[in-house]
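S.K.: Let me begin by handing over the structure; questions about it come next.
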Amino acid sequence: MGKTGALVISLDFELYWGVRDKRTLADSEKNLQGTRQVIPAILELFNKYEIHATWATVGFLFCETREELIGTLPKELPDYADPNLSPYRYVQSGALGAREQVDPYHYAPSLIRLISSCPHQYIGSHTHSHYYCLEPGQTGQTFAEDLAAFKRVARKKGYAPTSIVFPRNQFASSYLAVCKQHGFAAYRGNERSWMYEAGPGAQDTCSNGLCALPTPTSI
């Protein structure tokens, strides 16, 4: 009896947090606005054809306001060798608007509620801050702090994600134990080929805050 194949859809939901260190907000604005139009259309198709999907969501997107988002910051932050990589520095720079209604690029609680209300859609983790696991200056401890922050805000909003996607596929096998400690049972790994191997400064293939590359693996 032959093996049965399966199509797994895993989507990265990150908005500007996913491209912040690569592109200016002005350059990304059109694509980000398009993401907000595309997601309802995708959900309509998924609902029509009963398609299951996991939406790996950046923790910051759960927040309703700037004050709430700032209140989620961990006590210990990654000290990336390239300061531009740190979303935490960006948050503290005053770049954020007050709430989703005036800043649809950094917050998305309404979209998360829309996604989770659609049948067969699941909210996963894309870390709290779009954390880069292979960049110099970060540590296993600051990664753990980031995951803990994600779990707190997700739990506050009524979600308990058990799957995680490493931003820019910067996968570090030594961090799987940390993921497991924080209740994650599966992660999206990279294909076993040199062309998929991630490393510091790896280019992200996402350009509009929403992308997919399915290779789910149990922790």
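S.K.: Check the straight Cα-Cα distances from LYS75 and name the aspartates and glutamates below 12 Å, setting aside those fewer than 8 residues away within the same chain.
M.R.: Within the straight-line cut-off, LYS75 pairs with GLU145, ASP146.
S.K.: Tell me the carbon and sulfur percent of the accessible area for the range 83-126, rounded to whole percent, probe radius 1.4 Å.
M.R.: In the range 83-126, the share of accessible area belonging to carbon and sulfur is 53 percent.
S.K.: Now for a separate question. HN-Hα J couplings of the range 169-174 from phi, Karplus 6.51/-1.76/1.60, θ = phi - 60°, integer Hz, Gly and Pro as x?
M.R.: Listing the rounded values in order: 6, 7, 7, 10, 4, 5 Hz.
S.K.: Over the heavy atoms of ARG188, what accessible area does a 1.4 Å probe trace out, to the nearest 10 Å²?
M.R.: The value for ARG188 is about 10 Å².
S.K.: Just order 66-72, 14-20, 145-151 by mean Cβ neighbour count inside 10 Å, highest at the front, would you?
M.R.: My ranking of the peptides, most packed first, is 14-20, 145-151, 66-72.
S.K.: Keeping every protein chain in place, order VAL153, VAL102 by accessible area at 1.4 Å, biggest value first, i.e. largest first. If you can, show how the numbers build up before the last one.
M.R.: Numbers: VAL153 5, VAL102 100 Å².
Result of the area sort, largest leading: VAL102, VAL153.
S.K.: Before anything else, pin down the relative contact order of the range 102-183: Cα pairs under 8 Å, at least 6 apart, normalised by residue count, whole percent. Write down the numbers at each step before the final one.
M.R.: Working: 69 pairs, mean separation 28.4, N = 82.
Normalised by residue count, the contact order of the range 102-183 is 35 percent.
The values are calculated or read from the model by the stated rules, or taken from the named source; none is laboratory data. Computed from a prediction, not measured in an experiment: that's the story for all the values here. So basically every Cβ, Gly included, is an ideal-geometry build from the backbone, and we count neighbours across all protein chains shown. These accessible areas exclude ligands, DNA and RNA; they are computed on the full protein's heavy atoms, side chains included. Shrake-Rupley method; radii C 1.70, N 1.55, O 1.52, S 1.80 Å.
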